[in-house]
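So the structure is just underneath, and the comments pick up after that.
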Amino acid sequence: MEKKDRKNIIGNIIKWVIILVVLVLVYFWKKEEIHDAINEMRHHPFWVSLLCLAATLLHFVVEGRIIHDMTMYEKRQMTWFEAFKCGLYCAFYKLISLGSLSGIAEVYYIAKHDIEPGRSSGITLVQYAYQKLGITILGIISFIYLYIAGVPTVIKYAKFGVLGSVISFTIVGVLLTLSASTRFAGLLIKIVRFFEKKLLVKYKDKLEELVEQISTFNEAGLYFWKHKTLCLRVTLLKMLKMTLWYSIAATVVCATNDASPLTCVALMATVNMIGTVMVAPAGAGTLEFVIALIFTPLFGNTSAAVAILYRFYTMVVPFLLGSIVFATTGKMENAPDKSEEITPENNG
């Protein structure tokens, strides 16, 4: 027993050392962004920081409810608090891996709570589809609303709004069809097999992973489509959680400008959608570039504060909270194979 206790103590010490090292590395990596965010907070009333922090926390409260609901038909449903921590756990991996490990982190965390890895992988894949659906619905509705309202920058860059709407709608259409049609999934698998045999032999392993993901996604999608009320609820909750993040931009703008919070939320939803189809010059962040295009003519220098604080509260703050979950949960030992990986959008 003493040996086991000693092992646990050593394990906990190692975890906290890892956290400390990662925090230091992230600080130096994101040093400029963190300092910019702190400077912006000093120039805004305290209530702005408070509301932005509340929006971030509520975002993960809603995310926890989504994961909790999506496990309701499993042998063991995750509690809301377990699901809440799952969202933060993924946020930790999302930042340190630039998004590449957030999907597999979710698969691992859900599987850790007595849900089969195959099922947890399916839940993660379906979540990704609903995330895209929620972002697309909000983006298209917001773009139409702003265009009708005659917002100058939206009218000026309307072609990107239309292109973003079409591309986002197409992606969501493919994902939903794939989740609901075995025939369509079979067709995609045949296409992948064709390329595997004829043109891309050297990528055989990657293509096999893709085939497995298609099959897993289709199987999970068909299962969830049987519960249409759940599908509708998850879609609405996805829209709510993204609106909470978009409200960060509204809070920052309205603190120093005479602007409508609804318009600011709609602008951020449109920016998010346009950002999926616009390439930023000189290696600049796409989201920051589109914020500058859409927000600057309307709100001047406030657009810089929007970009800085939005990134801080949607990336850095969740990472810090997620590091606590990581330290109290454990590192990713015996994680599922990468073939089960799917990475949620950077905007989620």
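The values are calculated or read from the model by the stated rules, or taken from the named source; none is laboratory data. Bear in mind that the values here come from a model prediction, so they are computed numbers and not experimental data. Cβ placement follows ideal geometry from the backbone for every residue including glycine, while neighbour counts extend to all protein chains displayed. Remember, those area values only see protein heavy atoms, side chains included, never the ligands or the DNA or RNA. Shrake-Rupley method; radii C 1.70, N 1.55, O 1.52, S 1.80 Å.
Quick notes on this structure:
- Unmet requirement for ILE140, which otherwise passes all of (1) open to solvent by 20 Å² or more (accessible area, probe 1.4 Å); (2) more than 23 Å from THR314 (Cβ to Cβ); (3) not in a loop (DSSP other than H, G, I, E, B): (2)
- Of the criteria (1) in contact (Cβ under 8 Å) with a residue 40 or more places away in the chain; (2) crowded, with 23+ Cβ neighbours inside 10 Å, which one ALA55 fails: (2)
- For the stretch 112-132, the count of residues that are open to solvent by 20 Å² or more (accessible area, probe 1.4 Å) and aliphatic (A, V, I, L, M) is zero.
- Only one of GLU219, GLU212, GLU196 that is outside any loop (DSSP other than H, G, I, E, B), acidic (Asp, Glu) and open to solvent by 90 Å² or more (accessible area, probe 1.4 Å): GLU219
- Residue in the stretch 73-109 that is modelled with the highest pLDDT, counting only those that are farther than 20 Å from THR56 by Cβ and aromatic (Phe, Trp, Tyr): TYR108
- Test for ARG65: is it part of a helix (DSSP H, G or I) and open to solvent by 60 Å² or more (accessible area, probe 1.4 Å): yes
- Test: ALA105 is touching a residue at least 40 places away in the same chain (Cβ under 8 Å) and under 30 Å from SER303 (Cα atoms): no
- Among the residues listed as THR235, THR229, THR251, the single one being out of contact with any Leu (no Cβ under 8 Å at 6 or more places or on another chain) and either among the small types (Gly, Ala, Ser) or modelled with pLDDT of 90 or more (or both): THR229
- Every condition in (1) open to solvent by 20 Å² or more (accessible area, probe 1.4 Å); (2) free of Cβ contacts under 8 Å to residues at least 24 places away in the same chain; (3) in contact with a helix residue (DSSP H, G or I) (Cβ under 9 Å, 6 or more places away or on another chain) holds for LEU98 except the one numbered (3).
- Top-ranked residue of the stretch 279-303 - restricted to ones that are aliphatic (A, V, I, L, M) and surrounded by fewer than 17 Cβ atoms within 10 Å (Cβ to Cβ), ranked as modelled with the lowest pLDDT: ALA282
- Residue that is farthest from the chain's Cα centre (by Cα), among those in the stretch 117-138 that are closer than 18 Å to THR79 by Cβ and not hydroxyl-bearing (Ser, Thr, Tyr): ARG119
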